[in-house]
Amino acid sequence: MIIDWLEQTEIDVPPENDWLSPNELDRLATLRIPKRRADWRLGRWTAKRAVASFLALPGDRPALANIEIRPAPSGAPEVFLHDQPASVAISLSHSSGVALCAVAAPGLSFGCDLEKIESRDDAFIADYFTPEEKSLIARSAIADRPLLLTLLWSAKESALKAMHAGLRLPTTSVSAQLGESWPRPKGKCPHNSMFNSTEEWLPMGARYSADQMFTGYWCTKGNLVRTVVSDVPQFTLHQLVETLLATSFGPRVLAPHP
(Lines give C-alpha, C1' and ligand atoms only; values in the text may rest on other atoms or scores of the structure.)
Protein backbone atom coordinates (compact mmCIF):
# COMPACT_ATOMS: atom_id res chain seq x y z
CA MET A 1 0.00 0.00 0.00
CA ILE A 2 1.29 3.45 -0.95
CA ILE A 3 0.46 6.81 0.61
CA ASP A 4 1.62 9.79 -1.44
CA TRP A 5 2.20 13.20 0.09
CA LEU A 6 2.82 16.73 -1.06
CA GLU A 7 3.70 19.94 0.74
CA GLN A 8 3.14 23.47 -0.51
CA THR A 9 3.71 26.89 1.01
CA GLU A 10 1.86 30.18 0.73
CA ILE A 11 4.28 31.40 -1.94
CA ASP A 12 3.30 28.44 -4.15
CA VAL A 13 -0.34 29.54 -4.27
CA PRO A 14 -1.16 31.80 -7.25
CA PRO A 15 -2.86 35.13 -6.48
CA GLU A 16 -5.62 34.37 -9.01
CA ASN A 17 -8.60 32.18 -8.12
CA ASP A 18 -9.19 30.58 -11.53
CA TRP A 19 -8.14 27.18 -10.13
CA LEU A 20 -11.12 27.12 -7.72
CA SER A 21 -14.48 25.58 -8.62
CA PRO A 22 -17.67 27.72 -8.55
CA ASN A 23 -18.67 26.18 -5.21
CA GLU A 24 -15.24 26.88 -3.81
CA LEU A 25 -15.38 30.47 -5.00
CA ASP A 26 -18.66 30.84 -3.14
CA ARG A 27 -17.06 29.41 -0.01
CA LEU A 28 -14.05 31.69 -0.32
CA ALA A 29 -16.35 34.72 -0.50
CA THR A 30 -17.67 33.92 2.98
CA LEU A 31 -14.20 33.98 4.56
CA ARG A 32 -13.61 37.54 5.73
CA ILE A 33 -10.52 37.12 7.91
CA PRO A 34 -7.34 37.34 5.76
CA LYS A 35 -5.47 34.56 7.59
CA ARG A 36 -8.47 32.23 7.34
CA ARG A 37 -8.72 32.97 3.61
CA ALA A 38 -5.00 32.38 3.10
CA ASP A 39 -5.01 29.09 5.03
CA TRP A 40 -8.10 27.86 3.18
CA ARG A 41 -6.64 28.69 -0.25
CA LEU A 42 -3.32 27.06 0.69
CA GLY A 43 -5.06 23.86 1.78
CA ARG A 44 -7.19 23.67 -1.37
CA TRP A 45 -4.22 24.38 -3.64
CA THR A 46 -2.10 21.70 -1.99
CA ALA A 47 -4.87 19.10 -2.10
CA LYS A 48 -5.71 19.78 -5.75
CA ARG A 49 -2.05 19.56 -6.81
CA ALA A 50 -1.63 16.28 -4.94
CA VAL A 51 -4.83 14.80 -6.37
CA ALA A 52 -3.90 15.86 -9.91
CA SER A 53 -0.59 14.03 -9.60
CA PHE A 54 -2.16 10.94 -8.03
CA LEU A 55 -4.78 10.66 -10.77
CA ALA A 56 -2.31 11.63 -13.55
CA LEU A 57 -4.38 14.70 -14.43
CA PRO A 58 -3.11 18.03 -15.79
CA GLY A 59 -1.89 20.34 -13.05
CA ASP A 60 -2.54 23.70 -14.74
CA ARG A 61 -4.90 26.14 -13.06
CA PRO A 62 -7.96 25.70 -15.34
CA ALA A 63 -7.73 21.92 -14.98
CA LEU A 64 -7.49 22.20 -11.19
CA ALA A 65 -10.85 24.01 -11.17
CA ASN A 66 -12.43 20.67 -12.14
CA ILE A 67 -11.16 19.16 -8.88
CA GLU A 68 -13.23 20.14 -5.87
CA ILE A 69 -12.51 19.48 -2.20
CA ARG A 70 -15.70 19.21 -0.12
CA PRO A 71 -16.19 18.48 3.59
CA ALA A 72 -17.89 15.17 4.35
CA PRO A 73 -20.48 15.02 7.17
CA SER A 74 -17.61 13.94 9.45
CA GLY A 75 -15.67 17.05 8.45
CA ALA A 76 -13.04 15.04 6.58
CA PRO A 77 -12.16 16.32 3.09
CA GLU A 78 -13.61 14.49 0.09
CA VAL A 79 -12.55 14.86 -3.55
CA PHE A 80 -14.90 15.44 -6.47
CA LEU A 81 -13.90 15.52 -10.14
CA HIS A 82 -16.30 17.19 -12.58
CA ASP A 83 -18.88 17.18 -9.77
CA GLN A 84 -18.59 13.40 -9.29
CA PRO A 85 -16.87 11.52 -6.42
CA ALA A 86 -13.25 10.84 -7.39
CA SER A 87 -11.37 7.56 -6.87
CA VAL A 88 -9.00 9.00 -4.29
CA ALA A 89 -8.89 9.71 -0.57
CA ILE A 90 -7.00 12.53 1.10
CA SER A 91 -6.00 13.88 4.49
CA LEU A 92 -5.09 17.54 4.83
CA SER A 93 -3.31 19.73 7.39
CA HIS A 94 -1.74 23.18 7.48
CA SER A 95 0.28 25.28 9.90
CA SER A 96 2.45 28.40 9.75
CA GLY A 97 2.04 28.96 6.03
CA VAL A 98 2.72 25.32 5.05
CA ALA A 99 0.18 22.68 3.99
CA LEU A 100 0.54 18.89 3.87
CA CYS A 101 -1.75 16.61 1.88
CA ALA A 102 -1.60 12.80 2.03
CA VAL A 103 -3.22 10.90 -0.86
CA ALA A 104 -4.12 7.25 -1.33
CA ALA A 105 -6.57 4.91 -3.00
CA PRO A 106 -10.09 4.74 -1.52
CA GLY A 107 -10.69 2.28 1.28
CA LEU A 108 -7.48 2.97 3.21
CA SER A 109 -7.82 4.59 6.64
CA PHE A 110 -5.04 7.15 7.04
CA GLY A 111 -4.39 10.61 8.40
CA CYS A 112 -1.71 13.27 8.34
CA ASP A 113 -0.95 16.25 10.53
CA LEU A 114 1.37 19.25 10.53
CA GLU A 115 2.12 21.13 13.75
CA LYS A 116 4.35 24.02 14.80
CA ILE A 117 6.89 23.06 17.46
CA GLU A 118 6.14 25.14 20.54
CA SER A 119 5.98 24.89 24.32
CA ARG A 120 2.85 23.72 26.10
CA ASP A 121 2.03 24.33 29.76
CA ASP A 122 1.42 21.77 32.50
CA ALA A 123 -2.35 22.14 32.20
CA PHE A 124 -2.18 21.13 28.53
CA ILE A 125 -0.19 18.02 29.46
CA ALA A 126 -2.62 17.13 32.25
CA ASP A 127 -5.70 17.52 30.07
CA TYR A 128 -4.69 15.96 26.75
CA PHE A 129 -2.15 13.18 27.30
CA THR A 130 -2.43 9.57 28.46
CA PRO A 131 -0.56 8.18 31.50
CA GLU A 132 1.92 6.48 29.14
CA GLU A 133 2.59 9.74 27.33
CA LYS A 134 2.91 11.69 30.59
CA SER A 135 5.49 9.18 31.79
CA LEU A 136 7.51 9.63 28.58
CA ILE A 137 7.29 13.42 28.93
CA ALA A 138 8.46 13.27 32.55
CA ARG A 139 11.50 11.18 31.56
CA SER A 140 12.51 13.53 28.73
CA ALA A 141 14.92 16.44 28.99
CA ILE A 142 13.27 19.84 29.46
CA ALA A 143 14.93 21.11 26.27
CA ASP A 144 13.33 18.27 24.27
CA ARG A 145 9.80 18.77 25.54
CA PRO A 146 8.51 21.30 22.98
CA LEU A 147 9.35 18.84 20.18
CA LEU A 148 8.08 15.81 22.11
CA LEU A 149 4.77 17.42 23.08
CA THR A 150 4.20 18.61 19.53
CA LEU A 151 5.03 15.18 18.15
CA LEU A 152 2.70 13.37 20.55
CA TRP A 153 -0.10 15.82 19.79
CA SER A 154 0.43 15.48 16.03
CA ALA A 155 0.39 11.68 16.23
CA LYS A 156 -2.95 11.85 18.04
CA GLU A 157 -4.35 14.25 15.43
CA SER A 158 -3.28 11.96 12.57
CA ALA A 159 -4.87 8.91 14.20
CA LEU A 160 -8.13 10.77 14.93
CA LYS A 161 -8.23 11.94 11.31
CA ALA A 162 -7.68 8.35 10.14
CA MET A 163 -10.80 7.42 12.13
CA HIS A 164 -12.67 10.42 10.66
CA ALA A 165 -13.31 11.49 14.25
CA GLY A 166 -11.21 14.61 14.68
CA LEU A 167 -11.45 16.21 18.09
CA ARG A 168 -14.95 14.82 18.64
CA LEU A 169 -13.12 12.03 20.48
CA PRO A 170 -10.96 12.93 23.48
CA THR A 171 -7.24 13.03 22.72
CA THR A 172 -6.68 10.76 25.72
CA SER A 173 -8.41 7.98 23.76
CA VAL A 174 -5.31 7.79 21.54
CA SER A 175 -1.83 7.00 22.83
CA ALA A 176 1.17 7.77 20.61
CA GLN A 177 3.74 4.99 20.35
CA LEU A 178 7.23 6.33 19.57
CA GLY A 179 9.31 3.29 20.54
CA GLU A 180 12.95 3.55 19.56
CA SER A 181 12.40 6.72 17.54
CA TRP A 182 12.44 8.72 20.80
CA PRO A 183 14.81 10.08 21.91
CA ARG A 184 15.50 10.85 18.27
CA PRO A 185 18.57 8.88 17.10
CA LYS A 186 21.69 10.89 16.38
CA GLY A 187 22.71 11.21 12.75
CA LYS A 188 20.67 10.16 9.75
CA CYS A 189 17.63 7.99 9.98
CA PRO A 190 18.63 4.54 8.59
CA HIS A 191 15.63 4.61 6.22
CA ASN A 192 16.15 8.19 5.04
CA SER A 193 18.11 7.31 1.90
CA MET A 194 15.10 5.39 0.58
CA PHE A 195 12.81 8.42 0.67
CA ASN A 196 12.59 10.93 -2.14
CA SER A 197 12.84 13.60 0.53
CA THR A 198 15.25 15.77 2.47
CA GLU A 199 13.46 15.00 5.72
CA GLU A 200 14.55 12.26 8.11
CA TRP A 201 11.47 10.09 8.67
CA LEU A 202 11.26 7.84 11.72
CA PRO A 203 8.76 5.06 12.51
CA MET A 204 5.97 5.64 15.02
CA GLY A 205 2.50 4.45 15.81
CA ALA A 206 -0.64 5.21 17.76
CA ARG A 207 -3.10 3.06 19.69
CA TYR A 208 -6.78 3.84 20.04
CA SER A 209 -8.40 2.92 23.34
CA ALA A 210 -10.55 0.33 21.56
CA ASP A 211 -7.33 -1.51 20.60
CA GLN A 212 -7.22 -0.12 17.07
CA MET A 213 -3.59 0.25 16.04
CA PHE A 214 -2.02 2.67 13.59
CA THR A 215 1.49 2.62 12.17
CA GLY A 216 3.25 5.53 10.58
CA TYR A 217 6.15 7.95 10.37
CA TRP A 218 7.16 11.31 11.76
CA CYS A 219 9.72 13.89 10.78
CA THR A 220 10.73 17.46 11.45
CA LYS A 221 11.83 20.20 9.08
CA GLY A 222 12.29 23.75 10.23
CA ASN A 223 9.89 24.44 13.10
CA LEU A 224 7.25 21.93 12.00
CA VAL A 225 6.47 18.31 12.87
CA ARG A 226 4.80 16.07 10.30
CA THR A 227 3.07 12.74 11.02
CA VAL A 228 1.37 10.23 8.72
CA VAL A 229 -0.42 7.13 10.04
CA SER A 230 -2.56 4.31 8.67
CA ASP A 231 -4.36 1.27 10.03
CA VAL A 232 -2.47 -0.87 7.49
CA PRO A 233 0.39 -2.67 9.32
CA GLN A 234 2.84 -1.95 6.51
CA PHE A 235 2.70 0.83 3.95
CA THR A 236 4.96 2.89 1.75
CA LEU A 237 5.39 6.65 1.84
CA HIS A 238 6.10 8.51 -1.40
CA GLN A 239 6.75 12.21 -1.73
CA LEU A 240 5.33 13.96 -4.78
CA VAL A 241 8.02 16.30 -6.07
CA GLU A 242 6.95 19.01 -8.48
CA THR A 243 9.07 20.21 -11.36
CA LEU A 244 8.90 23.58 -13.08
CA LEU A 245 6.26 22.23 -15.45
CA ALA A 246 2.75 22.68 -14.07
CA THR A 247 1.61 19.30 -15.38
CA SER A 248 4.62 17.26 -14.31
CA PHE A 249 5.73 15.73 -11.04
CA GLY A 250 8.95 14.03 -10.09
CA PRO A 251 9.75 10.33 -10.31
CA ARG A 252 8.39 7.96 -7.72
CA VAL A 253 10.94 6.81 -5.14
CA LEU A 254 9.56 4.37 -2.59
CA ALA A 255 10.36 3.61 1.04
CA PRO A 256 8.79 0.55 2.67
CA HIS A 257 7.58 0.80 6.23
CA PRO A 258 9.97 -1.13 8.51
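Taking strands (runs of 3 or more DSSP E) that do not extend beyond the stretch 64-128, which have at least 3 residues that are of a type in the set (S, T, Y)?
Qualifying strands (runs of 3 or more DSSP E): 89-95.
Tell me which residues, restricted to the stretch 113-137, are of a type in the set (A, V, I, L, M, F, W, C) and within 17 Å of Q177 (Cβ to Cβ).
F129, L136, I137
How many residues are polar (S, T, N, Q), open to solvent by 30 Å² or more (accessible area, probe 1.4 Å) and closer than 16 Å to W182 by Cβ when one looks only at the stretch 204-230?
So the count comes out to 2.
Restrict the check to the stretch 184-192 and report whether at least one residue is closer than 22 Å to I117 by Cα and either of a type in the set (G, A, S) or modelled with pLDDT of 95 or more (or both). Working first, answer last.
At the first step, the residues of the stretch 184-192 found to be closer than 22 Å to I117 by Cα are 184-189, 192.
Now narrow it down to the ones that are either of a type in the set (G, A, S) or modelled with pLDDT of 95 or more (or both): 187.
Scanning the stretch 184-192, I find at least one residue that is closer than 22 Å to I117 by Cα and either of a type in the set (G, A, S) or modelled with pLDDT of 95 or more (or both), so the answer is yes.
What are the residues in the stretch 125-165 that are touching a residue at least 60 places away in the same chain (Cβ under 8 Å) and among the basic types (K, R), if any?
Within the stretch 125-165, just K161 meets the criteria.
Among the residues of the stretch 1-60 satisfying the criterion of being in a loop (DSSP other than H, G, I, E, B) and hydroxyl-bearing (S, T, Y), which is most open to solvent (accessible area, probe 1.4 Å)?
T30
Residues of the stretch 158-179 being assigned to a helix (DSSP H, G or I), touching a strand residue (DSSP E or B) at 6+ places or on another chain (Cβ under 8 Å) and open to solvent by 30 Å² or more (accessible area, probe 1.4 Å), which ones?
Going through the stretch 158-179, the residues assigned to a helix (DSSP H, G or I) turn out to be 158-162, 166-168, 171-173, 179.
After this cut, where a residue has to be touching a strand residue (DSSP E or B) at 6+ places or on another chain (Cβ under 8 Å) as well, the list is 158-162, 173, 179.
Within the stretch 158-179, K161, G179 qualify.
Out of the stretch 93-114, which residues are at positive phi and either aromatic (F, W, Y) or open to solvent by 20 Å² or more (accessible area, probe 1.4 Å) (or both)? Steps first, answer last, please.
Keep residues of the stretch 93-114 that are at positive phi, which gives 96-97, 107.
Passing the criteria: S96, G107.
What pairs come out if I take residues in the stretch 234-247 that are over 26 Å from S109 (Cα atoms) and pair them with residues that are crowded, with 16+ Cβ neighbours inside 10 Å and modelled with pLDDT under 50 whose C-beta lies under 9 Å away, six or more apart or interchain?
Taking only residues 6 or more apart or on different chains, the pairs are T243/F249.
Of the residues that make up the stretch 142-156, is at least one more than 23 Å from K35 (Cβ to Cβ), open to solvent by less than 30 Å² (accessible area, probe 1.4 Å) and in a loop (DSSP other than H, G, I, E, B)?
No, the stretch 142-156 contains no residue that is more than 23 Å from K35 (Cβ to Cβ), open to solvent by less than 30 Å² (accessible area, probe 1.4 Å) and in a loop (DSSP other than H, G, I, E, B).
Within the bounds of the stretch 109-126, is there any residue that is under 15 Å from the mean Cα position of the chain (by Cα) and of a type in the set (G, A, S)?
Within the stretch 109-126 (the criterion being under 15 Å from the mean Cα position of the chain (by Cα) and of a type in the set (G, A, S)), the answer is yes, since at least one residue qualifies.
Restricting to the stretch 61-86, count the residues that are open to solvent by 40 Å² or more (accessible area, probe 1.4 Å), under 26 Å from G166 (Cα atoms) and touching an Asp or Glu at 6+ places or on another chain (Cβ under 6 Å).
Final tally of qualifying residues: 1.
In the set I117, I90, which member is touching a residue at least 24 places away in the same chain (Cβ under 8 Å) and either farther than 23 Å from Y217 by Cβ or open to solvent by 40 Å² or more (accessible area, probe 1.4 Å) (or both)?
Criteria check complete, one pass: I117.
The values are calculated or read from the model by the stated rules, or taken from the named source; none is laboratory data. Source: prediction; values computed, not measured. Methodologically, a virtual Cβ is constructed for each residue, glycine included, from the backbone with ideal geometry; neighbour enumeration extends over all protein chains shown. Note: areas computed on protein heavy atoms with side chains; ligands, DNA, RNA excluded. Shrake-Rupley method; radii C 1.70, N 1.55, O 1.52, S 1.80 Å.
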